[in-house]
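Engineer: This is the structure I want to talk about, given as structure tokens.
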Amino acid sequence: MRGIVFYVNDSLRNKHISIFDTTLRDGEQTPGVSLTNEEKVTIAHQLDKLGVDIIEAGFPMSSEGEKISVKKIAGAGLDLKVCGLARVIKSDLDSCIDCNVDMVHTFVSTSDVQRVSTIKKSREEVHKMAIEAVEYVKDHGIKCMFSAMDATRTDLDYLITMFKSVEEAHCDIINVPDTVGVIVPSAMYKLIGDIAANVNIAIDVHCHNDFGLAVANSLSAVEAGASQVQVTINGLGERAGNADLAETVMSLHSLYGAKTNIKTEYLVETSHLVEKLSEIRMPPTMPIVGENAFAHESGIHTHGVLVRSDTFEPGVMTPEMVGHKRRIVLGKHAGKHAIKQSLESAGLIPTDEQLNLIIKRVKDIGDKGKRVTDADLYAITESIIGTTMEGEKAIELKEVSVMTGNIITPTATVKAIVNNKERMGANIGVGPVDAALQAVTGILGDYKFKIQDFRIEAISGGSDALAEVIIAVKDETGRVVSARATNEDIVMASVEALVAAINQLLATRKI
Ligand code: KIV
Ligand code: ZN
């Protein structure tokens, strides 16, 4: 491949890097995140499917529930290895050992600032505790990783002494945490190089993202000789989080030509699962897995991408590689090619003159700061070329009713003509909108779709404000269609937007 790869350190080509995922431990320390044991097991299975080498399932000493879930994950028959976290304290180590983990990750603060102010031990005491912890784990026949917490702010000679001592105690791997995310890539390269020159043991790194440098620092560590990186899904973790798995792995694969066991086609699926369970929404601009990671709006870019995708995409990383889809978004920057292609894919073929009028109307909507949905585009086109998709409506909404309040579960009923047959359905939901959307979903038979985006906005003031809902739905083939509806009734706006989007999706097929 040509391009940026020319400037990359080639020494990692074909080198295998092990991926240690700590979503279930550091990731769960993300402020506001609390996963149930069942959710943790679900994530562990997904990480196994993704091909992660080892996961940190939790910190068993932190609570009885945490211990139960670490034990459950360790006994779940996964292909990946399971690790538990422990301070250099016997009770913590025993708690991990009781969970039958494959590896114990034991850690202690080594920087003066943490050592003096938090654990209040001398350097000698910390040194002794670390060696004894590693010996204790190894005496139980279990693999051991030792972390010098706050390594990047630790006196270098002391840090190297610690690592040499745990190596002598038969530790299997050492970890270099950038606990408060303050190192820069060039310094990380130097640090790992200095450590590697003094020990003969595998080196792992754990980078926090306080300055947005976690992935860059992890890559520098690997360039300098680290053979394992600690990452989390969606970059979850304490404060600003940890190095993101998708970004780290795709950089290793696509920019350095290194190898991991990650099946990258499951990256988006895994990100979505963790987003749902952690309830931490990813920004659309999130690299690799974000909604906009392969979306193009400007005319110059969409034209280029439609001709040849690597004109305005990295090329060394395609949407297919990571389980994503390329998307052309229409807005004020939209170009002729993108609009023409969107219309052609819906079977609408305007003349050049009609196309120019359509483009003008699309740009007018964009100039008003609005997003142009597919339904908007088709409506504009229909009004200009006179072809109506009206007759092809698969669903015609007849009645919607909702019951809600603080003493009943929100329940909705819908009646609609679906492919010329009257259908009725009822469902419950977490609120009236959810209940109504579930009820619509229920009358669609085997037709499966997923609501990919749902935005609601009040477009006038007061309790009688008009609500505008924009919904994007995705079918099993991955096709995404968006539509908008406006109504004083928030439930009706939601249902109408959903029905409009589904009708667009179904314009070319039958339920
Ligand atoms: O950030 C950190 O230092 C940690 C350690 C437990 C490795 O999470
Ligand atoms: Zn951490």
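Engineer: At pLDDT 85 or above, over 21 Å from Ala507 (Cα atoms) and not assigned by TED's automatic domain parsing to the domain that holds Ala416 - does that describe any residue in segment 335-346?
Structural biologist: Within segment 335-346, one or more residues are at pLDDT 85 or above, over 21 Å from Ala507 (Cα atoms) and not assigned by TED's automatic domain parsing to the domain that holds Ala416.
Engineer: Scanning for something within 14 Å of ligand 1 (Cβ to nearest atom), open to solvent by 10 Å² or more (accessible area, probe 1.4 Å) and not charged (D, E, K, R), does segment 35-53 turn up at least one residue?
Structural biologist: Among the residues of segment 35-53, not one is within 14 Å of ligand 1 (Cβ to nearest atom), open to solvent by 10 Å² or more (accessible area, probe 1.4 Å) and not charged (D, E, K, R), which makes the answer no.
Engineer: Could you count how many residues in segment 460-500 are closer than 21 Å to Gly445 by Cβ, over 26 Å from the mean Cα position of the chain (by Cα) and either in a loop (DSSP other than H, G, I, E, B) or at pLDDT below 85 (or both)?
Structural biologist: Number of matching residues: 0.
Engineer: Please name all residue pairs, on different chains or six or more residues apart, with Cβ atoms under 9 Å, provided the first residue is in segment 209-231 and is under 15 Å from Val8 (Cβ atoms) and part of a loop (DSSP other than H, G, I, E, B) and the second residue is open to solvent by 20 Å² or more (accessible area, probe 1.4 Å) and of a type in the set (Val, Ile, Thr).
Structural biologist: Short answer, once both residue conditions are applied: none.
Engineer: Looking at this structure, is Glu247 open to solvent by 20 Å² or more (accessible area, probe 1.4 Å) and under 24 Å from Ile174 (Cα atoms)?
Structural biologist: For Glu247, the condition - open to solvent by 20 Å² or more (accessible area, probe 1.4 Å) and under 24 Å from Ile174 (Cα atoms) - is met.
Engineer: Now for a different question. Go over the candidates Asp94, Asp112, Asp79, Asp102 one by one and state the one that is assigned by TED's automatic domain parsing to the domain that holds Ser147 and free of Cβ contacts under 8 Å to residues at least 12 places away in the same chain.
Structural biologist: From the options Asp94, Asp112, Asp79, Asp102, the qualifying one is Asp94.
Engineer: Kindly evaluate Ser18 against the criterion of being free of Cβ contacts under 8 Å to residues at least 40 places away in the same chain and either open to solvent by 10 Å² or more (accessible area, probe 1.4 Å) or of a type outside the set (Ser, Thr, Tyr) (or both).
Structural biologist: For Ser18, the condition - free of Cβ contacts under 8 Å to residues at least 40 places away in the same chain and either open to solvent by 10 Å² or more (accessible area, probe 1.4 Å) or of a type outside the set (Ser, Thr, Tyr) (or both) - is not met.
Engineer: Now a separate question. Looking at Asp367, Asp376, can you tell me which residue is within 30 Å of Val268 (Cα to Cα) and of a type in the set (D, E, K, R)?
Structural biologist: Going through Asp367, Asp376 in turn, just one is within 30 Å of Val268 (Cα to Cα) and of a type in the set (D, E, K, R): Asp376.
Engineer: Test Val430 against the criterion of being surrounded by 17 or more Cβ atoms within 10 Å (Cβ to Cβ), modelled with pLDDT of 90 or more, out of contact with any Asp or Glu (no Cβ under 8 Å at 6 or more places or on another chain) and among the aliphatic types (A, V, I, L, M), and give yes or no.
Structural biologist: Against the criterion (surrounded by 17 or more Cβ atoms within 10 Å (Cβ to Cβ), modelled with pLDDT of 90 or more, out of contact with any Asp or Glu (no Cβ under 8 Å at 6 or more places or on another chain) and among the aliphatic types (A, V, I, L, M)), Val430 does not qualify.
Engineer: Let me ask you something else. Looking at segment 433-477 only, could you name the residues that are touching a Ser or Thr at 6+ places or on another chain (Cβ under 7 Å), under 19 Å from Val329 (Cα atoms) and open to solvent by 10 Å² or more (accessible area, probe 1.4 Å)?
Structural biologist: Passing the criteria: only Ile470.
Engineer: Any chance segment 61-77 includes a residue that's under 25 Å from Arg153 (Cα atoms) and either of a type in the set (S, T, N, Q) or surrounded by 15 or more Cβ atoms within 10 Å (Cβ to Cβ) (or both)?
Structural biologist: No, the conditions are met nowhere in segment 61-77.
Engineer: Please verify whether segment 278-287 includes one or more residues that are at pLDDT 95 or above and surrounded by 24 or more Cβ atoms within 10 Å (Cβ to Cβ).
Structural biologist: For segment 278-287, residues at pLDDT 95 or above and surrounded by 24 or more Cβ atoms within 10 Å (Cβ to Cβ): absent.
Engineer: Go through segment 162-187 residue by residue and tally those that are within 15 Å of ligand 2 (Cβ to nearest atom) and not β-branched (Val, Ile, Thr).
Structural biologist: Of the residues in that region, 4 qualify.
Engineer: Restricting to segment 349-379, give me the number of residues that are more than 30 Å from the chain's Cα centre (by Cα) and not in a helix (DSSP H, G or I).
Structural biologist: Final tally of qualifying residues: 4.
Engineer: Let me ask something additional. Of everything in segment 332-348, what is assigned to a loop (DSSP other than H, G, I, E, B) and open to solvent by less than 80 Å² (accessible area, probe 1.4 Å)? Give them in sequence order.
Structural biologist: Across segment 332-348, the qualifying residues are Ala334, Gly335, Ala346, Gly347, Leu348.
Engineer: Still on this structure: Taking into account only those residues within segment 136-158 that are surrounded by 15 or more Cβ atoms within 10 Å (Cβ to Cβ) and assigned to a helix (DSSP H, G or I), which is nearest to ligand 1 (Cβ to nearest atom)?
Structural biologist: Per the criteria, the residue is Ala151.
Engineer: If you go through segment 206-235, how many residues are within 15 Å of ligand 1 (Cβ to nearest atom), of a type in the set (A, V, I, L, M, F, W, C), open to solvent by 10 Å² or more (accessible area, probe 1.4 Å) and farther than 22 Å from Pro314 by Cα?
Structural biologist: 1
The values are calculated or read from the model by the stated rules, or taken from the named source; none is laboratory data. Keep in mind that this is a model prediction, so the values were computed, not measured. Here the Cβ is made from the backbone with ideal geometry for all residues, glycine too, and neighbour counts use every protein chain on show. Areas reflect the complete protein model, heavy atoms only, side chains present, ligands, DNA and RNA absent. Shrake-Rupley method; radii C 1.70, N 1.55, O 1.52, S 1.80 Å.
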